[in-house]
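Single-structure report; data block below.
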C-alpha cells in the first residue's frame with residue numbers, strides 16, 4: 001500500500017483521492033451570525049494587527065510566529081480558550097485509506113478546536129475548526145490541500161466542519177460538508193491588515209465559538 005503525506009499533495013490530487021467537489025465561493029452570512037465587536041475587542045484587535053505588522057516589517061514571519069503573534073491572540077479574543085472548547089496542537093490524524101487506489105494519506109494538523117461537551121455518535125468530540133498555518137511568504141491557498149485532508153476525517157460523524165488556512169496576514173475560511181460527493185466551499189479571503197476585513201475575521205471566529213453542530217445520525 002502506498003503512503004502519501006498530506007503536505008505533499010496538490011489540490012487536484014486531494015479532490016481526486018477524496019472525491020471532493022468544490023462549490024462556488026460562498027458568503028459567511030447564510031451560515032453564521034456575525035455580531036458587532038465590543039470596544040475592548042476592537043482595541044485588542046488593533047493591537048494584534050500592529051504587533052503582527054511589526055513582525056512583517058522585519059521580513060519573513062515563521063509559521064511558529066504566525067501562530068503566536070497573529071492566530072493565538074485572535075483565538076483568545078474569540079473565546080476559543082474557554083471551556084468547553086479545547087485547542088489541540090500538532091496532532092497526527094488517523095490514516096485515510098483510499099481503498100480503490102491501495103493508498104493511505106497521513107498528516108498532522110497544526111491546530112484543532114473541539115467542543116468537549118458535544119460528542120458525536122462515535123463519542124468523539126465535535127471538531128469546530130481545523131486550522132492550517134503557513135509562514136507569511138506562502139500564499140494561503142497553498143495550505144488548502146492539507147486543510148481539506150485533515151477536515152475530511154470528521155465528515156463521517158458530523159454534518160459540517162469549518163477550516164481555516166492563514167499565513168498570519170490573510171485568512172481563508174472554508175466550509176466542508178459530507179455527502180455524495182462531500183463538498184467544500186471557500187469564503188471571502190480576509191486580510192488582517194485591512195480595517196473592515198480584520199473585524200470580520202474576529203467576528204467569524206466569535207461566531208464559530210457559538211456554533212452548534214449535530215451528529216450525522218440525528
**Residue among 142, 151 that alone is assigned to a helix (DSSP H, G or I) and surrounded by fewer than 24 Cβ atoms within 10 Å (Cβ to Cβ)** = 142
**Prompt:** closer than 22 Å to residue 72 by Cα, out of contact with any helix residue (DSSP H, G or I) (no Cβ under 7 Å at 6 or more places or on another chain) and surrounded by 13 or more Cβ atoms within 10 Å (Cβ to Cβ): does that describe residue 42?
**Reply:** yes
**Prompt:** Only one of (1) surrounded by 24 or more Cβ atoms within 10 Å (Cβ to Cβ); (2) outside any loop (DSSP other than H, G, I, E, B) is not met by residue 174, so which one is it?
**Reply:** (1)
**Message:** Based on this model, can you work out whether residue 55 counts as without any contact (Cβ under 8 Å) to a residue 12 or more places away in the chain, over 21 Å from residue 184 (Cβ atoms) and touching a helix residue (DSSP H, G or I) at 6+ places or on another chain (Cβ under 8 Å)?
**Reply:** no
**Message:** I'd like to know if region 73-87 contains one or more residues that are at pLDDT 80 or above, more than 20 Å from residue 161 (Cβ to Cβ) and touching a helix residue (DSSP H, G or I) at 6+ places or on another chain (Cβ under 6 Å).
**Reply:** yes
**Asked** Which residue, of 74, 89, is within 26 Å of residue 6 (Cβ to Cβ) and free of Cβ contacts under 8 Å to residues at least 60 places away in the same chain?
**Response** 89
**Prompt:** Across region 123-138, which residue is surrounded by the fewest Cβ atoms within 10 Å (Cβ to Cβ) among those that are closer than 16 Å to residue 92 by Cβ and at pLDDT 95 or above?
**Reply:** 131
**Request:** Answer yes if at least one residue in region 95-112 is without any contact (Cβ under 8 Å) to a residue 24 or more places away in the chain and closer than 16 Å to residue 208 by Cβ, and no otherwise.
**Result:** no
**Message:** Of everything in region 110-120, what is more than 10 Å from the chain's Cα centre (by Cα) and either modelled with pLDDT of 95 or more or closer than 22 Å to residue 18 by Cβ (or both)? Give them in sequence order.
**Reply:** 114, 120
**Request:** Return the total of residues in region 59-71 being farther than 26 Å from residue 124 by Cα and in contact (Cβ under 8 Å) with a residue 40 or more places away in the chain.
**Result:** 8
**Item:** Flag for residue 201 being touching a strand residue (DSSP E or B) at 6+ places or on another chain (Cβ under 6 Å), surrounded by 15 or more Cβ atoms within 10 Å (Cβ to Cβ), in contact (Cβ under 8 Å) with a residue 24 or more places away in the chain and part of a strand (DSSP E or B)
**Value:** no
**Item:** Qualifying residues in region 7-39 (those that are in contact (Cβ under 8 Å) with a residue 60 or more places away in the chain and out of contact with any helix residue (DSSP H, G or I) (no Cβ under 9 Å at 6 or more places or on another chain)) - the one farthest from residue 198 (Cα to Cα)
**Value:** 19
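The values are calculated or read from the model by the stated rules, or taken from the named source; none is laboratory data. Note that the coordinates shown come from a computational prediction; the quantities given were computed from them, not determined experimentally. A quick note on method: Cβ atoms are made from the backbone with ideal geometry, for glycine too, and the neighbour counts reach across all protein chains shown.
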